[in-house]
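J.: Below is one structure. I have some questions about it.
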Amino acid sequence: MTGLVRGLLVALVLALAMPALAVQPDEILDDPALEERARELSKGLRCLVCRNESIDESNADLARDLRLLVRERLVAGDTNDEVIDFVVDRYGEYVLLRPRASGSSLLLWAAGPLMLLLAAGVGFGYLRSRAAARPESEADLSAEEKARLARILEE
């Protein structure tokens, strides 16, 4: 088998490999519409054990409990926003993979651009002060310094 064919086979296998979802068959709801809503909500909730993995992808026990909780709330008739609010009230905003830009997190959202503007202002001020500074010239040399410079240049 040539290297090209082997490379194509490896690329094909990697392209076909789908991420394994951790949702167990006993968790899946009978109603396909509710199950679809549960999957969408699960993709936006962080596994508190795995950190940067959604509860839909995590095999942790806590992620399973959260998946079951989401499905339980949906079956009870909650809207998507009510389910998210319930989970956030219980576990805090850290459970959201995409935190809301409101309240105290607004400062965190704005900190990056504000620091960039502050740095640009400081840099601009520094460059303006350098441009306005009077350049040193030969006229500022004393008579002794001029004589010494002349001797150095003659050598």
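The values are calculated or read from the model by the stated rules, or taken from the named source; none is laboratory data. Since the structure is predicted, the reported quantities are computational estimates derived from the model, not experimental observations. Cβ: placed from backbone, ideal geometry, glycine included. Neighbour counts: every protein chain shown.
J.: When segment 36-52 is examined, which residues are found to be at pLDDT 90 or above and of a type in the set (D, E, K, R)?
T.: Once the filter is applied, which keeps residues that are at pLDDT 90 or above and of a type in the set (D, E, K, R), segment 36-52 yields 36, 37, 39, 40, 43, 46.
J.: Now for a different question. I'm checking my understanding of the structure. Among residues of segment 100-155 that are surrounded by 10 or more Cβ atoms within 10 Å (Cβ to Cβ) and basic (Lys, Arg), which one is nearest to residue 85 (Cα to Cα)?
T.: 100
J.: Out of 48, 34, 41, 66, which single residue is touching a helix residue (DSSP H, G or I) at 6+ places or on another chain (Cβ under 9 Å), of a type in the set (A, V, I, L, M, F, W, C), in a loop (DSSP other than H, G, I, E, B) and free of Cβ contacts under 8 Å to residues at least 60 places away in the same chain? Walk me through how you get there before you give the answer.
T.: Numbers: 34 fails: in a loop (DSSP other than H, G, I, E, B); 41 fails: in a loop (DSSP other than H, G, I, E, B); 66 fails: in a loop (DSSP other than H, G, I, E, B).
Just a single option satisfies the conditions, and that option is 48.
J.: Moving to a separate point now. Would you say residue 92 is out of contact with any Ser or Thr (no Cβ under 6 Å at 6 or more places or on another chain), small (Gly, Ala, Ser) and modelled with pLDDT of 90 or more? Quick ask: steps written out before the conclusion?
T.: Details: out of contact with any Ser or Thr (no Cβ under 6 Å at 6 or more places or on another chain): yes; small (Gly, Ala, Ser): yes; modelled with pLDDT of 90 or more: no.
Answer is no for this residue.
J.: If I go through segment 30-83 residue by residue, how many of them are surrounded by fewer than 13 Cβ atoms within 10 Å (Cβ to Cβ), hydroxyl-bearing (Ser, Thr, Tyr) and under 16 Å from residue 95 (Cβ atoms)?
T.: Within segment 30-83, residues that are surrounded by fewer than 13 Cβ atoms within 10 Å (Cβ to Cβ), hydroxyl-bearing (Ser, Thr, Tyr) and under 16 Å from residue 95 (Cβ atoms) number 0.
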